[in-house]
Amino acid sequence: EKGGHASFMLKEIAEQPRAVADTLLGRIDAEGSLRLDEVRIPPHELREVDKVVIVACGTAFHSGMIAKYAIEHWTRIPCETELASEFRYRDPILDHRTLVIAISQSGETMDTLMALRHAREQGAKVLAICNTNGSTIPRESDAVLYTHAGPEVAVASTKAFLTQLVACYLVALYLGQLRGTKWGDEIRTVIRQLSEISGAVGRVLETMEPVRALARSLAGHGTVLFLGRHVGYPVALEGALKLKELAYMHAEGFAAGELKHGPIALIEEGLPVVVVVPPPRGRSVLHDKIVSNIQEIRARGARTVVIAEEGDEAVVPYADHLIRIPITPTLLQPLVSTVPLQVFACELATARGNDVDQPRNLAKSVTVE
Ligand code: M6R
């Protein structure tokens, strides 16, 4: 049932190109516009939405953090992403014009369920992004957009994460289409880029051998840090989470801009630091800043593992290890930059003798608060 793979996690990592394509399937019409008829919230109500709040836990929360960038960019509706476990205990301000998006692979996570119940009690509309048909979270929501990742067995979320991202992009574009902030050619362009992404994910998977070798060489280390900016920041958090839960190592993700505000004090000789680099083309502000960060940490002894686009030559002099990813629009880059981090954590955990499908102390779905 593992389809020839050593673990469910490896199988699920390998399934990602198909999962991403399946989540797009049937949701784009012949003209290249989005058809999300399954979202049963009437268009006139969606047009009135003046705030989006995303609630989720763990990896799903990281997809929600990335969604915030896409939603605000494409719709200009203010959006915040909050841990479901924090949300309802702070008396959040919600009303009938608030759209709450609850993201959950299992559809059974108690914190997310309680957050959505609280949101509905306050009159907000709730849209679930979920991978499990008929589970509690979609049943209790006003509408649901299913991710079509197929069953995810390994405790560590991989293909569910990538499909959650696709679903979030679809919701963002759909809201943009309805409200007229993004439509026509622009939607078509992003949709085309999204449909090409599954091929890019496949290409990343074909080039993972050096990442595996690197992971094995780091199995004796105690700490790995991850840095990113913009949508690369949640990717850094996701890379760190994967490493914690699978390899039981101390791993932390930081927004690269925060380095000088504290984390740079952690840098010491030989410390592995993984850096997710934004695309360079014509968007050099963040790219240049990240390259400076890589120089700064390397000057202090860090062993730099740099994830950067093909053709990005500026990072080469400062990368002890260079992981190439395909050229991708900035907002969509997490779909390709996360994959090496999944492979990295899985291989490192295996090298340490851990069970990657059933890490200690964890359950696939957390049905208690
Ligand atoms: O089923 P859900 O998506 O609601 O689960 C949320 C988290 O428990 C889950 O993503 C967890 O963080 C994973 N083990 C991460 O790999």
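Can you report the number of residues in segment 66-85 which are in contact with an Asp or Glu (Cβ under 9 Å, 6 or more places away or on another chain) and open to solvent by 30 Å² or more (accessible area, probe 1.4 Å)?
Qualifying residue count, segment 66-85: 4.
Can you pull out the residues in segment 264-278 that are at pLDDT below 95 and in contact with a helix residue (DSSP H, G or I) (Cβ under 9 Å, 6 or more places away or on another chain)?
Ile264
Among (1) more than 16 Å from the ligand (Cβ to nearest atom); (2) assigned to a loop (DSSP other than H, G, I, E, B), where does Leu362 come up short?
Only one criterion is unmet by Leu362, namely (1).
Yes/no per residue for (1) over 23 Å from Pro326 (Cα atoms); (2) surrounded by fewer than 17 Cβ atoms within 10 Å (Cβ to Cβ); (3) at pLDDT 95 or above:
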residue: Arg192; (1), (2), (3): no, yes, no
residue: Val204; (1), (2), (3): no, no, yes
residue: Thr207; (1), (2), (3): no, yes, yes
residue: Ala215; (1), (2), (3): no, no, yes
residue: Thr223; (1), (2), (3): yes, yes, yes
residue: Glu238; (1), (2), (3): no, no, yes
residue: Glu245; (1), (2), (3): yes, no, yes
residue: Tyr248; (1), (2), (3): yes, yes, yes
residue: Ala251; (1), (2), (3): yes, no, yes
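From the list Thr59, Thr81, pick out the single residue that is farther than 30 Å from Ala351 by Cα, among the hydroxyl-bearing types (Ser, Thr, Tyr) and modelled with pLDDT of 90 or more. Walk me through how you get there before you give the answer.
Numbers: Thr59 fails: farther than 30 Å from Ala351 by Cα.
Within the list Thr59, Thr81, the selection yields Thr81.
Has segment 61-83 got any residue that is within 16 Å of the ligand (Cβ to nearest atom), of a type in the set (Asp, Glu) and closer than 22 Å to Gln342 by Cα? Before you say what the answer is, go through the steps one by one.
In the first step, residues of segment 61-83 are kept if they are within 16 Å of the ligand (Cβ to nearest atom); the result is 61-67, 81-83.
Add one more test, that the residue is of a type in the set (Asp, Glu), and what stays is 82.
Subsequent filtering for residues that are closer than 22 Å to Gln342 by Cα retains none.
Taking every residue of segment 61-83 in turn, none turns out to be within 16 Å of the ligand (Cβ to nearest atom), of a type in the set (Asp, Glu) and closer than 22 Å to Gln342 by Cα.
Hey, any hits in segment 164-183 for a residue that's on the phi > 0 side of the Ramachandran plot and touching a residue at least 24 places away in the same chain (Cβ under 8 Å)?
Residues of segment 164-183 that are on the phi > 0 side of the Ramachandran plot, as a first pass: 180.
If we keep only those that are touching a residue at least 24 places away in the same chain (Cβ under 8 Å) too, we end up with none.
No.
Taking segment 12-52 only, how many residues are in a helix (DSSP H, G or I), open to solvent by 50 Å² or more (accessible area, probe 1.4 Å) and either among the aromatic types (Phe, Trp, Tyr) or touching a residue at least 24 places away in the same chain (Cβ under 8 Å) (or both)?
In the first step, residues of segment 12-52 are kept if they are in a helix (DSSP H, G or I); the result is 12-14, 16-24, 43-47.
After this cut, where a residue has to be open to solvent by 50 Å² or more (accessible area, probe 1.4 Å) as well, the list is 18, 43-45, 47.
Filter once more, so that each one left must be either among the aromatic types (Phe, Trp, Tyr) or touching a residue at least 24 places away in the same chain (Cβ under 8 Å) (or both): 18, 43, 45, 47.
Summing the residues that are in a helix (DSSP H, G or I), open to solvent by 50 Å² or more (accessible area, probe 1.4 Å) and either among the aromatic types (Phe, Trp, Tyr) or touching a residue at least 24 places away in the same chain (Cβ under 8 Å) (or both) in segment 12-52 gives 4.
Kindly indicate the residue of segment 136-146 that is part of a loop (DSSP other than H, G, I, E, B) and within 14 Å of the ligand (Cβ to nearest atom) and also surrounded by the most Cβ atoms within 10 Å (Cβ to Cβ) among those meeting that condition.
Going through segment 136-146, the residues part of a loop (DSSP other than H, G, I, E, B) turn out to be 140-142.
Going one step further and asking which of them are within 14 Å of the ligand (Cβ to nearest atom), we end up with 140-141.
Details: Glu140: 16, Ser141: 25.
Looking at residues that are part of a loop (DSSP other than H, G, I, E, B) and within 14 Å of the ligand (Cβ to nearest atom), I get Ser141.
With the structure loaded, tell me whether Pro317 is in a helix (DSSP H, G or I) and open to solvent by 30 Å² or more (accessible area, probe 1.4 Å) or whether it fails that test. Give the steps one after another, and end with the answer.
Values: in a helix (DSSP H, G or I): yes; open to solvent by 30 Å² or more (accessible area, probe 1.4 Å): yes.
For Pro317, the condition - in a helix (DSSP H, G or I) and open to solvent by 30 Å² or more (accessible area, probe 1.4 Å) - is met.
Report yes if some residue within segment 317-331 is modelled with pLDDT of 95 or more and either over 20 Å from Val204 (Cα atoms) or within 16 Å of the ligand (Cβ to nearest atom) (or both); otherwise report no.
Yes.
Please tell me if Lys289 is basic (Lys, Arg), open to solvent by less than 60 Å² (accessible area, probe 1.4 Å) and in a helix (DSSP H, G or I). Explain how you work it out, then say what you get.
Working: basic (Lys, Arg): yes; open to solvent by less than 60 Å² (accessible area, probe 1.4 Å): no; in a helix (DSSP H, G or I): yes.
Here the answer is no, as Lys289 does not meet what is asked.
Of the residues that sit in segment 86-104 and are open to solvent by 30 Å² or more (accessible area, probe 1.4 Å) and within 16 Å of the ligand (Cβ to nearest atom), which one is nearest to Ser63 (Cα to Cα)? Reasoning before the result, please.
First, pick out the residues of segment 86-104 that are open to solvent by 30 Å² or more (accessible area, probe 1.4 Å): 86, 88-91, 93, 95-97.
Right, trim to within 16 Å of the ligand (Cβ to nearest atom) and you get 86, 88.
On the way: Glu86: 17, Arg88: 20 Å.
Out of the qualifying residues, it is Glu86.
Given (1) under 19 Å from Arg27 (Cβ atoms); (2) out of contact with any Asp or Glu (no Cβ under 8 Å at 6 or more places or on another chain); (3) within 14 Å of the ligand (Cβ to nearest atom), where does Phe161 come up short, assuming only one miss?
Phe161 satisfies every listed condition except (2).
So which residues in segment 111-135 are open to solvent by 10 Å² or more (accessible area, probe 1.4 Å), away from the ligand (no atom under 16 Å from the Cβ) and assigned to a loop (DSSP other than H, G, I, E, B)?
Once the filter is applied, which keeps residues that are open to solvent by 10 Å² or more (accessible area, probe 1.4 Å), away from the ligand (no atom under 16 Å from the Cβ) and assigned to a loop (DSSP other than H, G, I, E, B), segment 111-135 yields Gln122, Gly123.
The values are calculated or read from the model by the stated rules, or taken from the named source; none is laboratory data. All figures in this text were calculated on a predicted structure; none of them were measured in a lab. Here the Cβ is made from the backbone with ideal geometry for all residues, glycine too, and neighbour counts use every protein chain on show. Surface accessibility is based on the protein's heavy atoms, side chains included, excluding ligands, DNA and RNA. Shrake-Rupley method; radii C 1.70, N 1.55, O 1.52, S 1.80 Å.
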